[in-house]
Amino acid sequence: MSTHSEYAKELFLKGYNCSQAVFAAFCDETRVDTETALKIASSFGGGMGRLREVCGAVSGMFMVAGMKNGYIDPSDRKAKSEHYKLIQDLAKEFEKENGSIVCRELLGLSIKKDNYEPEERNQIYYKKRPCSELVWQAAKILDDYFKKIETTDSEK
């Protein structure tokens, strides 16, 4: 069982958006303080400010990956390529499980842009939205990845 995935789901159910829930659940790994993590990820909920584009849980997953394995030298093409491969692999894993990484497709919405007003979080909201499970899954994908890396590193 993934501790981060349970914590991410718990954060989402407390009212944080999907991106905040995933990114903040990994503060122990990224060494970003919770308040900063919540602020950084706040724009990415609802598929980027309710634009219904890339799922916020996926964006949160990418932010964690960047903090843990991102590159800093813009001329280091190898590091950049390796990081982009990681991001594409994480996206592929999420898409394999859910059919898409796009918020509106995951929610079955026909609209491209949504109202900027967030919906009230209540039992009806949680019943009609798969978001808590998507948040859980994004965090689990990251945990599985980190576990795989640790295993590979310890075998060296």
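Does the stretch 69-90 hold any residues that are at pLDDT 95 or above, part of a helix (DSSP H, G or I) and under 24 Å from Arg31 (Cβ atoms), and which are they?
Ala79, Lys80, Glu82, His83, Tyr84, Lys85, Leu86, Ile87, Asp89, Leu90, listed by residue number.
Looking at the stretch 37-50, is at least one residue on the phi > 0 side of the Ramachandran plot, within 15 Å of the chain's Cα centre (by Cα), surrounded by fewer than 24 Cβ atoms within 10 Å (Cβ to Cβ) and free of Cβ contacts under 8 Å to residues at least 60 places away in the same chain?
Yes, the stretch 37-50 has at least one match.
Has the stretch 29-50 got any residue that is part of a helix (DSSP H, G or I), at pLDDT 95 or above, among the polar types (S, T, N, Q) and closer than 20 Å to Tyr125 by Cβ?
Scanning the stretch 29-50 turns up at least one residue that is part of a helix (DSSP H, G or I), at pLDDT 95 or above, among the polar types (S, T, N, Q) and closer than 20 Å to Tyr125 by Cβ.
Among the numbered criteria (1) hydroxyl-bearing (Ser, Thr, Tyr); (2) under 15 Å from Met63 (Cβ atoms); (3) in contact with an Asp or Glu (Cβ under 7 Å, 6 or more places away or on another chain), which single criterion is violated by Ser5?
Result: Ser5 fails condition (2) only.
Tally up the residues in the stretch 96-137 that are of a type in the set (Asp, Glu), in a loop (DSSP other than H, G, I, E, B) and surrounded by 14 or more Cβ atoms within 10 Å (Cβ to Cβ), please.
Selection size over the stretch 96-137: 1.
Consider Lys68 carefully, then state whether it is of a type in the set (D, E, K, R) and in contact with a Ser or Thr (Cβ under 9 Å, 6 or more places away or on another chain).
Judged against the criteria, Lys68 is a match.
Checking Phe146 against (1) closer than 21 Å to Phe26 by Cβ; (2) exposed (fewer than 10 other Cβ atoms within 10 Å of the Cβ), which test does it fail?
Phe146 satisfies every listed condition except (2).
Yes/no matrix, rows are residues, columns are (1) in contact (Cβ under 8 Å) with a residue 12 or more places away in the chain; (2) of a type in the set (S, T, N, Q):
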{"residue": "Glu93", "(1), (2)": "yes, no"}
{"residue": "Glu97", "(1), (2)": "yes, no"}
{"residue": "Leu107", "(1), (2)": "yes, no"}
{"residue": "Lys113", "(1), (2)": "yes, no"}
{"residue": "Glu120", "(1), (2)": "no, no"}
{"residue": "Trp136", "(1), (2)": "yes, no"}
{"residue": "Ile141", "(1), (2)": "yes, no"}
{"residue": "Tyr145", "(1), (2)": "yes, no"}
{"residue": "Thr152", "(1), (2)": "no, yes"}
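With respect to Lys92, determine if the residue is under 14 Å from the mean Cα position of the chain (by Cα), on the phi < 0 side of the Ramachandran plot and basic (Lys, Arg).
In short, yes.
Looking for whichever is within 15 Å of Tyr145 (Cα to Cα), in contact with a His (Cβ under 7 Å, 6 or more places away or on another chain) and either buried (at least 21 other Cβ atoms within 10 Å of the Cβ) or of a type in the set (Gly, Ala, Ser) (or both) here; the options are Gly66, Gly70. Which one fits?
The conditions single out Gly70.
The values are calculated or read from the model by the stated rules, or taken from the named source; none is laboratory data. This one's a predicted model, so the numbers in the text were calculated from it and none came from an experiment. Neighbour counts are summed over all protein chains in view; Cβ atoms, including those assigned to glycine, are modelled from backbone coordinates with ideal geometry.
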